[in-house]
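Reviewing the structure listed below.
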Amino acid sequence: MSVAIKIENLSKVYQLGQIGTGTISNDLKRWKAKIQGKEDPFLKIGESNDRTKKGNDIVYSLKSIDLEINQGDAVGIIGRNGAGKSTLLKLISRITAPTAGKISIKGRVASLLEVGTGFHPELSGRENIFLNGSILGMRKAEIKQKLDEIIDFSGVERYVDTPVKRYSSGMYVRLAFAVAAHLDSEILIVDEVLAVGDSEFQKKCLGKMGDIRQKDGRTVLFVSHNMDAISKLCNSGLMLHNGENVKHGLMQDVLNTYLMHSTFQQEVSFDFFNLKPQITFISLDKEKLSENKLKLTIQYKSPIELKKVVPGFIVYNQLNVPIFGSNTRFHNSNFENAGNFEGEIIAEIDYLNLHTGNYYISVWLGDQSVDYDEKIEIVSFEYKSKFDYIQLPNPLEIGSVDQYVRWH
Amino acid sequence: MNKNQQNNENWDFVIQSKSSLFSLNLKEVWNYRDLLFLLVKRDIVSFYKQTILGPLWFFIQPLITTFIYMVIFGNLAGISTNGLPQTLFYMTGIIAWNYFSECLLKTSTIFKDNAHIFGKVYFPRLVMPLSLVFSNLVRFGIQFILLIGTFLYFALFRDFQFHFSFALFLIPLFILLMAILGLGLGMLISSLTTKYRDLAFLISFGIQLLMYGTPIIYPLSAAPEKYKSIILLNPMSTIIEGFRFALLGKGEVTFMSIAYVCIFTIISFIFGLIIFNKVERNFMDTV
């Protein structure tokens, strides 16, 4: 198999803090070092991009990456925020230049870091198809040839001669993705654009991306936090951590490494700002979990007297798919929730029928009509099912609910 | 190893941290000519979308400015117009100056204005300033028709003495010089503003001041001798005077001053292009 993208010793350095103050003097120093043939004085101290630690003003967003991507591969790039995923895509799509290293590419690259880049609100859908298409590197004749297909795929035929400023955001995204999906490049780079649009359209997009890879044998690089989508679409995976290449290989292997890397957090508290009702503390009872029970404690504070508090939570599996959830708008509650400024609410499940795996919980606080506070996937846990498995089930295929079944 | 070597020769392009100063990739710009055309179209069409008067707005601006100049500089201040009809004198200067200043102003903020596009997709960045120069050229063309119309009116009904001369053929040269000068200086300034925002402020009022250093509201012949050489340092002075000379038959241009403008223009263009090319690779990190 031939190599489509070859990356050698690739690094990208960013300067933290204010850019602009004192830049002339720094520039002069840098220039002087360059003339004397010395190293850039501001690049000496290399640090990996750990955002939580304080340190030098220079960070490596990517550090000495070596990588070969074969033609026809769909590579899912995963990693936590700040791992360097987006930087890598930006470098490959030539939006910014690397600090050191080399990327060699075979074929045309089309990057979709955003949908609808260059859309002009005053122009009609049709005019924007041409404009956006040519920004993405298509020739006019090519767009003309595919125009009907694009309009058909987008499903906004009726509005195609209306200025896009009158479009709903959904229509806008549909049209924009339709243009991008019809690009004829050998390499397609996609960054989380599927996060927008309704689920039906998302499915359509994923399907289209699968087609692009399988039918046309094109190379796809895909960054997403949606592990479900990524594992369906990609055959090969790349995991980045603090700007370094941790693992590159089969998607399933990389995904497992990633999931093993993730840390679990059972308790978390928040500062109270006295501006609005707020969740101040969330905790998961570890002991109860080992007994296959769930006990979630939520504390809240409020600057105003709360009439009726409505708490809620949603449990997600490791692929970010919601498994179940509850709130006191649709489940009965039995706690004191009127006329108070702070309180503690406990949610308990006597038997948690989940498969062995990793889970995340989002917590939400509101009242009958208003949302106060929301903490997305704030606590997480590793769950061990009560049942022994002959073979560990794959949640991707059979879901996450461990419903006990008696087989005769 | 063998396979590797083979591969090395087949790469379509290689991205590296450093590039040669002169790797301009003009071929790539040519590949994006459709985009250039569509951007020009976008600029023009979106300018008058949802207006009643539409493209007429291209006429209204120079007409009103000319009128104001006639009242203030021509009548109140009584500045000489070299014996030319005031309308024609001012309008020629205004339309030519507008083209140059629009090219310069628009290209000088190009990175800032297009950061959202440049940050998301790659295309040869040079396409953007080129599209501005061309869309302004279209605008200039439309306004030039207005000028010709006014000119004919004065020639036919106001017995303005019109001397046809071969200088008329210099007009395309002057337009070309203005376009290249605006583009070159604009690229230079835009490249510097990505890092030093101060320049953007400087340029927006600097260009207003520069207008007074250019013979637009006065003829060069009316300027005192000791200032003349300073005014002539400004390449736009010769271009505006040349424009008037070619079209209306009165203006001070010498072969030497035109040669100076040509050299100035070419040098600033090359310089601008080199710096622009260098900055475009990394500007997303600083803008």
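The values are calculated or read from the model by the stated rules, or taken from the named source; none is laboratory data. Please read these numbers as outputs of a predicted model, since none were measured by experiment. In this analysis, Cβ positions are derived from the backbone assuming ideal geometry, glycine residues included, and neighbour counts consider all displayed protein chains.
Looking at (1) within 26 Å of the chain's Cα centre (by Cα); (2) closer than 27 Å to residue A:256 by Cβ, can you tell me which one residue A:387 breaks?
It fails just one condition, (1).
Does residue B:275 satisfy the criteria of being under 19 Å from the mean Cα position of the chain (by Cα) and more than 14 Å from chain A (Cβ to nearest Cβ)?
no
Out of all the residues in region B:35-63, which are surrounded by 15 or more Cβ atoms within 10 Å (Cβ to Cβ), within 14 Å of chain A (Cβ to nearest Cβ) and not basic (Lys, Arg)?
Of everything in region B:35-63, those that are surrounded by 15 or more Cβ atoms within 10 Å (Cβ to Cβ), within 14 Å of chain A (Cβ to nearest Cβ) and not basic (Lys, Arg) turn out to be B:35, B:36, B:37, B:38, B:39, B:40, B:43, B:44, B:45, B:46, B:47, B:48.
Could you check, for region A:229-240, whether at least one of its residues is of a type in the set (Val, Ile, Thr), touching a strand residue (DSSP E or B) at 6+ places or on another chain (Cβ under 7 Å) and assigned by TED's automatic domain parsing to the domain that holds residue A:68?
yes
Scan A:25, A:2, A:11 and give me the residue that is of a type in the set (Gly, Ala, Ser), at pLDDT below 85 and more than 30 Å from residue B:198 (Cα to Cα).
When all the criteria are applied, what remains is A:2.
Could you tell me whether any residue of region A:148-162 is surrounded by fewer than 21 Cβ atoms within 10 Å (Cβ to Cβ), within 7 Å of another protein chain (Cβ to nearest Cβ) and in a loop (DSSP other than H, G, I, E, B)?
no
Which one of these does residue A:107 not meet: (1) in contact with a helix residue (DSSP H, G or I) (Cβ under 8 Å, 6 or more places away or on another chain); (2) part of a loop (DSSP other than H, G, I, E, B); (3) at the interface with another protein chain (Cβ under 7 Å from one of its Cβ atoms)?
(1)
Which one of these does residue A:77 not meet: (1) over 23 Å from residue B:31 (Cβ atoms); (2) of a type outside the set (Gly, Ala, Ser); (3) facing chain B (nearest Cβ under 7 Å)?
All conditions are met except number (3).
Select, from B:106, B:112, the only residue that is over 20 Å from residue B:145 (Cα atoms), more than 14 Å from chain A (Cβ to nearest Cβ), under 23 Å from the mean Cα position of the chain (by Cα) and charged (D, E, K, R).
B:106 is the lone residue from the list that is over 20 Å from residue B:145 (Cα atoms), more than 14 Å from chain A (Cβ to nearest Cβ), under 23 Å from the mean Cα position of the chain (by Cα) and charged (D, E, K, R).
Please specify each residue of region B:251-287 satisfying the condition of being touching an Asp or Glu at 6+ places or on another chain (Cβ under 9 Å) and part of a loop (DSSP other than H, G, I, E, B).
B:251, B:252, B:253
Scan the strands (runs of 3 or more DSSP E) fully inside region A:207-275 and keep the ones with 1 or more residues being surrounded by fewer than 17 Cβ atoms within 10 Å (Cβ to Cβ).
A:244-250, A:267-269
Sort through B:235, B:224 and tell me the only one that's at negative phi and touching a residue at least 24 places away in the same chain (Cβ under 8 Å).
It is B:235.
Results for (1) acidic (Asp, Glu); (2) within 7 Å of chain B (Cβ to nearest Cβ); (3) in contact with a Gly (Cβ under 9 Å, 6 or more places away or on another chain); (4) free of Cβ contacts under 8 Å to residues at least 24 places away in the same chain, shown as yes or no for each residue.
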| position | (1), (2), (3), (4) |
| --- | --- |
| A:96 | no, yes, yes, no |
| A:102 | no, yes, no, no |
| A:116 | no, no, no, no |
| A:123 | no, yes, no, no |
| A:126 | no, no, no, no |
| A:133 | no, no, no, no |
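What strands (runs of 3 or more DSSP E) completely inside region A:284-385 contain at least 1 residues that are among the charged types (D, E, K, R) and over 23 Å from residue A:270 (Cβ atoms)?
In region A:284-385, the matching strands (runs of 3 or more DSSP E) lie at A:371-383.
Scan region A:134-147 for residues that are part of a helix (DSSP H, G or I), touching a Lys or Arg at 6+ places or on another chain (Cβ under 8 Å) and at pLDDT below 90 and report the count.
Number satisfying all stated conditions: 1.
Residues being basic (Lys, Arg) and in a loop (DSSP other than H, G, I, E, B): count how many of those fall in region A:171-194.
Residues flagged as basic (Lys, Arg) and in a loop (DSSP other than H, G, I, E, B) within region A:171-194 amount to 0.
Taking only region B:203-213 into account, find how many residues are under 17 Å from residue B:72 (Cβ atoms) and either in contact (Cβ under 8 Å) with a residue 60 or more places away in the chain or part of a loop (DSSP other than H, G, I, E, B) (or both).
Adding up the residues that qualify gives 1.
Determine whether residue A:71 is at pLDDT 90 or above and more than 9 Å from chain B (Cβ to nearest Cβ).
When the stated conditions are applied, residue A:71 does not pass them.
Which residue out of B:154, B:123, B:160, B:89 is over 18 Å from the mean Cα position of the chain (by Cα), within 14 Å of chain A (Cβ to nearest Cβ) and either buried (at least 18 other Cβ atoms within 10 Å of the Cβ) or not hydroxyl-bearing (Ser, Thr, Tyr) (or both)?
B:123
Scan region B:143-156 and tell me whether some residue there is of a type in the set (Ser, Thr, Tyr) and modelled with pLDDT of 85 or more.
yes
With the structure loaded, tell me whether residue A:184 is within 22 Å of residue B:124 (Cα to Cα), within 14 Å of another protein chain (Cβ to nearest Cβ), surrounded by fewer than 20 Cβ atoms within 10 Å (Cβ to Cβ) and acidic (Asp, Glu) or whether it fails that test.
So residue A:184 passes the test.
Here are the criteria: (1) touching a Gly at 6+ places or on another chain (Cβ under 7 Å); (2) without any contact (Cβ under 8 Å) to a residue 40 or more places away in the chain; (3) not assigned by TED's automatic domain parsing to the domain that holds residue A:376. Tell me which single one residue A:325 does not satisfy.
Checking residue A:325 against (1) touching a Gly at 6+ places or on another chain (Cβ under 7 Å); (2) without any contact (Cβ under 8 Å) to a residue 40 or more places away in the chain; (3) not assigned by TED's automatic domain parsing to the domain that holds residue A:376, the one that fails is (3).
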